[in-house]
1. Within segment 74-82, identify whether any single residue is over 30 Å from residue 6 (Cβ atoms) and either crowded, with 16+ Cβ neighbours inside 10 Å or modelled with pLDDT of 90 or more (or both), and answer yes or no.
2. Can you find even one residue in segment 383-399 that is part of a loop (DSSP other than H, G, I, E, B), over 25 Å from residue 287 (Cα atoms), in contact with a helix residue (DSSP H, G or I) (Cβ under 9 Å, 6 or more places away or on another chain) and in contact (Cβ under 8 Å) with a residue 12 or more places away in the chain?
3. Those residues that are buried (at least 20 other Cβ atoms within 10 Å of the Cβ) and under 20 Å from residue 370 (Cβ atoms), I need them from segment 287-314; list them, please.
4. Being within 27 Å of residue 84 (Cα to Cα) and touching a strand residue (DSSP E or B) at 6+ places or on another chain (Cβ under 7 Å) is the filter; apply it to segment 129-164 and report the residue that is surrounded by the most Cβ atoms within 10 Å (Cβ to Cβ).
5. Within segment 224-244, does at least one residue satisfy the condition of being assigned to a loop (DSSP other than H, G, I, E, B), surrounded by fewer than 19 Cβ atoms within 10 Å (Cβ to Cβ), at pLDDT 75 or above and not assigned by TED's automatic domain parsing to the domain that holds residue 457?
6. Check off (1) in contact with a helix residue (DSSP H, G or I) (Cβ under 7 Å, 6 or more places away or on another chain); (2) assigned to a strand (DSSP E or B); (3) modelled with pLDDT under 90 for residue 303 and give me the number that stays unchecked.
7. If a residue must be in a loop (DSSP other than H, G, I, E, B) and free of Cβ contacts under 8 Å to residues at least 60 places away in the same chain, how many such residues does segment 1-41 contain?
8. Just to be sure I understand the filter: pairs with C-beta atoms under 9 Å, separated by 6 or more residues or on different chains, first member in segment 339-366 and in the same structural domain as residue 407 (by TED's automatic domain parsing), second member surrounded by fewer than 17 Cβ atoms within 10 Å (Cβ to Cβ) and part of a strand (DSSP E or B). Which pairs pass?
């Protein structure tokens, strides 16, 4: 999902809440108009401020109902009429919840007029707010802001209809940046040049090799892959179906984490990274002092790792090796010599097969470094990476660029999410897993992501730490 779409989606929440508050204010003032007083005199004694207090709490509850019924769906092609139905359903459900609460708590508040009229105004104002947001989005699209760059593959009438519709109706949010009759290896260079966000595959007679090549290219370059519904007679784990130019279009999703899931995961990361850093701060200060007195500075070791979308970042760890044996540009010429020594150790003492290495009985590790590695204390500074935003608490294991270079084309899915301090692979075997097993678990986590799973992995991690690793 594009950042502009996420921003508009997040803005929809406060706008809905404001609309609910305005609905309450409108109902309150309407209750004191002459025609309403002629219907029935006011028998309650409640100020506008007090009434707004109750409306605010009820509004928060209604917002949860809005979320449950899918009013904050991240589908950019959803129909406005479907939103209208969901608004009516959500507000009516909210009204029923208020009625049940009043009945069971035996509230003395006696104004069915305010409740019913607030419900009517809520439906009206929320619809107006959403119509306004759709108008804003449409204007942004017409001005060329936030458009999703799309390439259409296919030579049939379906492809022509899609291209014509997307080109003539810019309010749909698409910009066609390329059309090709079929997918071949030759057009991949052209796709690199136009940098599309989405690729729509409309060739129902494409052979399996051609189709899989297109999917693999999209995964490697983080492009959304969509295809006409008659292309496949099977379905995948994560998919969504929408109509485009009258044609059923299926989107293959690399992960179930999208839209509000990403927002929730980021909030989860911020909250729990702060909690861990605060709770562990005495231990981290103690570890820093021991490292300082044992082998001096630097205390923190910065190691380049590959994160989401293949972007490199510096992962933080407590230094567990002697300075002369620590690799990386942080240590200058000494770091270059250490890299050569490390390569020799990999050739002699590596316990893993494949692109990932683990050195058994590593002589470069200090006495205290061996201790903090044994209990994974050296990884605590990575929670600063989480707070900063280039890592997540739970995610695929981050690897070094030289390791990634050997497998990135074969396992592009593991770069869809931010790498994690812990993950499904870590709690399933730590360093004892083979490379293939680790990749399978990281891909499984990516495809089956859920916030509940993140929480379970986070809770399990401290208990897994007590299991001994092969390579220290």
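The values are calculated or read from the model by the stated rules, or taken from the named source; none is laboratory data. If you're wondering where the values come from, they're calculated on a predicted model, not measured in any experiment. With ideal geometry, Cβ positions are generated from the backbone for all residues, glycine too; neighbour counts draw on all protein chains shown.
1. Among the residues of segment 74-82, not one is over 30 Å from residue 6 (Cβ atoms) and either crowded, with 16+ Cβ neighbours inside 10 Å or modelled with pLDDT of 90 or more (or both), which makes the answer no.
2. Within segment 383-399, the first condition is being part of a loop (DSSP other than H, G, I, E, B), and the residues that meet it are 389-391, 395-398.
Within this subset, residues satisfying the condition of being over 25 Å from residue 287 (Cα atoms) are 395-396.
If we keep only those that are in contact with a helix residue (DSSP H, G or I) (Cβ under 9 Å, 6 or more places away or on another chain) too, we end up with 395-396.
Narrowing further to those that are in contact (Cβ under 8 Å) with a residue 12 or more places away in the chain: 395-396.
Within segment 383-399, one or more residues are part of a loop (DSSP other than H, G, I, E, B), over 25 Å from residue 287 (Cα atoms), in contact with a helix residue (DSSP H, G or I) (Cβ under 9 Å, 6 or more places away or on another chain) and in contact (Cβ under 8 Å) with a residue 12 or more places away in the chain.
3. Scanning segment 287-314 gives 287, 291, 295, 301.
4. The residue in question is 162.
5. No.
6. (1)
7. 3
8. Pairs found: 357/350; 358/350; 359/350; 360/350.
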